[in-house]
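Participant: One structure, as structure tokens, below. Some questions next.
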Amino acid sequence: MNQIIADVGYYETRAALIEDDRLIELHFERRKQGSLVNNIYSGKIVNLLHGLQMIFVDIGYDKNVFVYKDQLSVPYESLNVGDHLLIQITKDAMDDKGPKATMHLSLPGKYVVLLPQTQHIGISKKLINPEERKQLQEWAESMAESTHGIIIRTEAASKSKETLQKDWCYLMSLWAHIAEKQHQVPKGTPLYREHALLPRLLRDVANRETTAFLVNDAGEAETLRQICRQTMPGQLSMIQELDNNCNPFIEYQVEAQWQRAMNATITLESGGSLVIHHTEALTTIDVNTGRFVGNKTFQESAFDINMEAAEEIARQVRLRDIGGIIIIDFIDMKKPDNQQDVVKKLKEALKFDRQKTVVLGMTQLGLVEMTRKRTRKKVSELFNSTCKCCLGSGTIRSIYWTMYEIESSLRRFETQEDIHTVLINLHPHRRQVFKEEEIDLNSLAGKYNLELRVQVDSLIPLDEHKMIGFKDLESLEKMLQMKQQKTSQDML
């Protein structure tokens, strides 16, 4: 049993997938920062990098799209700068990298996926009934044309052929429309635009186990009902409209779980914990013992904590939408059987993830390497900004580094005959720490035969300072007076 809870704001739409009262996935869409993933464009090749076997394509976006050789549907050697290609975005632009794309196009429906210009026929691995798979295979072969492929989605289980055919015919008409306007749309305009967030969740996430799709916007609710009447009329009642003034994330206890998902440390019921750290290249997850009680040995407790951690890690990577390389440092276990059981538990828990994941097993050091497909920014990147003081490092220079820089500057000022007084501007907190550490800056300046005036300025970054040399104290006071007068005039 699951629910989808949507909060439609003015600038942003937020949605949460709840399973058995636990937050499983978070989704966000901003008005001016829409995702390009799954959009189809007609683009022009602007560069070919033969060494990397990749091409760059101009689609009218502020960054060129890149396509690797294995994502081309034509021989790499046959391409030239200026050629036009039909491509589909598979990953949004991140940091300095432009969007990633493929020429292997796909148009998803509720029950089937159309693969234009291919002959592939596939059936969801989650459909395990042999007889049902056989019937779906026969139906797919009868529907797919020689120039198009088809994938049967999990939701096609137990659906009538008429329902599947209706979905297929819609996708075929959609492709015909794309092919027709391929050379007619202006540069930068997608030939196919992926659905907005809520209709996309109705298509890809809502299923027969979804009891409610709650939304606090009348227009969005009606749009969802229209789609539901076409694709899943038997579940029309699950679309429930909430009052526009209602905050469903508070009403249904989503916000508290969302806040915990922003924390680096996750506490486990067994007393252990997970510590999640992100770097530019990968994400690390440490499993810690924390406290454990009872009569069990350390190895027994480590196994229990690791088993719980494996399940929680699978949930956290979905909830935080962590992609790329993930390194998990489980608590050391001596028994190979225990190690295998933990890896098996992790793989089983990851089966519920809609994104592709690959678990590579456990090393002798107790590390598990895994990858997860990344298409959009992590939740943490959407709601955290790089600190202007530490620039994302998590640390700033200590006062002793500041003291070293101040002393170095005082030495330089001492060698200048026309400087006898120095003004230093510090952040108030840094000035306070100097006092707590009993560091007397005036005595430091006196060592170099200089007179020092200290000013505090809250606009200066915490670990920075500014120093200016003057001929004498009178020159310093004159400058400060002029500065104060200018400030007063600006205020008027």
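The values are calculated or read from the model by the stated rules, or taken from the named source; none is laboratory data. Everything numeric here is computed off the predicted structure, so don't read it as measured data. Positions of Cβ are generated from backbone atoms using ideal geometry, with glycine treated the same way; all protein chains shown enter the neighbour counts. Side chains are part of the model used for accessible areas, which takes the heavy atoms of the whole protein and leaves out ligands, DNA and RNA. Shrake-Rupley method; radii C 1.70, N 1.55, O 1.52, S 1.80 Å.
Participant: Only one of (1) in contact with an Asp or Glu (Cβ under 9 Å, 6 or more places away or on another chain); (2) farther than 25 Å from VAL358 by Cβ fails for TRP258. Which number is that?
Facilitator: (1) is the only condition that TRP258 fails.
Participant: Could I ask something else about it? So TYR61 passes all but one of these: (1) under 18 Å from ARG193 (Cβ atoms); (2) touching a helix residue (DSSP H, G or I) at 6+ places or on another chain (Cβ under 8 Å); (3) open to solvent by 30 Å² or more (accessible area, probe 1.4 Å). Which condition number does it fail?
Facilitator: TYR61 satisfies every listed condition except (2).
Participant: Pairs needed: first member in the range 125-145, surrounded by 10 or more Cβ atoms within 10 Å (Cβ to Cβ); second member anywhere, part of a helix (DSSP H, G or I) and among the β-branched types (Val, Ile, Thr); C-beta distance under 6 Å; at least 6 residues apart or different chains.
Facilitator: LYS126/THR154
Participant: Please work out if SER124 is at pLDDT below 90 and not charged (D, E, K, R). Step through it out loud before you land on a result.
Facilitator: Values: at pLDDT below 90: no; not charged (D, E, K, R): yes.
Considered against the rule, which asks whether it is at pLDDT below 90 and not charged (D, E, K, R), SER124 comes out as no.
Participant: Looking at (1) touching a strand residue (DSSP E or B) at 6+ places or on another chain (Cβ under 8 Å); (2) crowded, with 18+ Cβ neighbours inside 10 Å, which is the only condition GLN355 fails?
Facilitator: Here GLN355 meets the rest and fails (2).
Participant: Let me ask another. Return a yes/no flag: does the range 150-173 have any residue that is open to solvent by 30 Å² or more (accessible area, probe 1.4 Å), closer than 25 Å to ARG229 by Cα, in a strand (DSSP E or B) and of a type in the set (A, V, I, L, M).
Facilitator: yes
Participant: If you don't mind, another one. Quick check on this structure: which one of SER273, SER301 is small (Gly, Ala, Ser) and over 29 Å from SER385 (Cβ atoms)? Quick ask: steps written out before the conclusion?
Facilitator: Values: SER273 fails: over 29 Å from SER385 (Cβ atoms).
Being small (Gly, Ala, Ser) and over 29 Å from SER385 (Cβ atoms) holds for just one of SER273, SER301, which is SER301.
Participant: Within the range 197-237, track down each residue that is small (Gly, Ala, Ser) and exposed (fewer than 14 other Cβ atoms within 10 Å of the Cβ).
Facilitator: Taking the range 197-237 and keeping what is small (Gly, Ala, Ser), we get 206, 212, 218-219, 221, 234, 237.
Result: ALA218, GLY219, GLY234, SER237.
Participant: Determine whether the range 103-123 contains at least one residue that is open to solvent by less than 30 Å² (accessible area, probe 1.4 Å) and under 19 Å from ARG376 (Cβ atoms). Break it down stepwise before answering.
Facilitator: Applying the first criterion (open to solvent by less than 30 Å² (accessible area, probe 1.4 Å)) to the range 103-123 yields 103, 105, 107-116, 122-123.
Filter once more, so that each one left must be under 19 Å from ARG376 (Cβ atoms): 108.
For the range 103-123, residues open to solvent by less than 30 Å² (accessible area, probe 1.4 Å) and under 19 Å from ARG376 (Cβ atoms): present.
Participant: Hey, which of the strands (runs of 3 or more DSSP E) in the range 213-327, taking only ones fully inside, have at least 3 residues that are farther than 26 Å from LYS344 by Cα? Don't jump to the end; show me each part of the working.
Facilitator: Numbers: elements: 239-241, 265-267, 273-278, 282-288.
Here the list reads 239-241.
Participant: Provide a single number: the residues in the range 314-328 that are modelled with pLDDT of 95 or more and open to solvent by 10 Å² or more (accessible area, probe 1.4 Å).
Facilitator: The qualifying residues number 1.
Participant: Is it the case that GLN240 is in contact with a Leu (Cβ under 8 Å, 6 or more places away or on another chain), closer than 26 Å to LEU319 by Cβ and among the polar types (S, T, N, Q)? It would help to see each step written out before you state the result.
Facilitator: Values: in contact with a Leu (Cβ under 8 Å, 6 or more places away or on another chain): yes; closer than 26 Å to LEU319 by Cβ: yes; among the polar types (S, T, N, Q): yes.
Yes.
Participant: In the range 35-58, how many are open to solvent by less than 70 Å² (accessible area, probe 1.4 Å) and under 23 Å from HIS177 (Cα atoms)?
Facilitator: Narrowing the range 35-58 to residues open to solvent by less than 70 Å² (accessible area, probe 1.4 Å): 35-43, 45-49, 53-58.
Narrowing the set further to residues that are under 23 Å from HIS177 (Cα atoms) leaves 35-43, 57-58.
Within the range 35-58, residues that are open to solvent by less than 70 Å² (accessible area, probe 1.4 Å) and under 23 Å from HIS177 (Cα atoms) number 11.
Participant: Given the condition open to solvent by 60 Å² or more (accessible area, probe 1.4 Å) and not charged (D, E, K, R), answer yes or no: does some residue in the range 23-30 qualify?
Facilitator: For the range 23-30, residues open to solvent by 60 Å² or more (accessible area, probe 1.4 Å) and not charged (D, E, K, R): absent.
Participant: Here's a follow-up. Condition check: more than 18 Å from MET103 (Cα to Cα), among the small types (Gly, Ala, Ser) and modelled with pLDDT under 95. Does ALA144 satisfy that?
Facilitator: Against the criterion (more than 18 Å from MET103 (Cα to Cα), among the small types (Gly, Ala, Ser) and modelled with pLDDT under 95), ALA144 qualifies.
Participant: Okay, next question. Give the residue, chosen from LYS296, LYS334, LYS345, that is in contact (Cβ under 8 Å) with a residue 24 or more places away in the chain, among the basic types (Lys, Arg) and loosely packed, with under 13 Cβ neighbours inside 10 Å.
Facilitator: Going through LYS296, LYS334, LYS345 in turn, just one is in contact (Cβ under 8 Å) with a residue 24 or more places away in the chain, among the basic types (Lys, Arg) and loosely packed, with under 13 Cβ neighbours inside 10 Å: LYS334.
Participant: Taking the conditions exactly as written (on the phi < 0 side of the Ramachandran plot, out of contact with any strand residue (DSSP E or B) (no Cβ under 7 Å at 6 or more places or on another chain) and not β-branched (Val, Ile, Thr)), does PRO130 satisfy them or not? Reasoning before the result, please.
Facilitator: On the way: on the phi < 0 side of the Ramachandran plot: yes; out of contact with any strand residue (DSSP E or B) (no Cβ under 7 Å at 6 or more places or on another chain): yes; not β-branched (Val, Ile, Thr): yes.
Yes.
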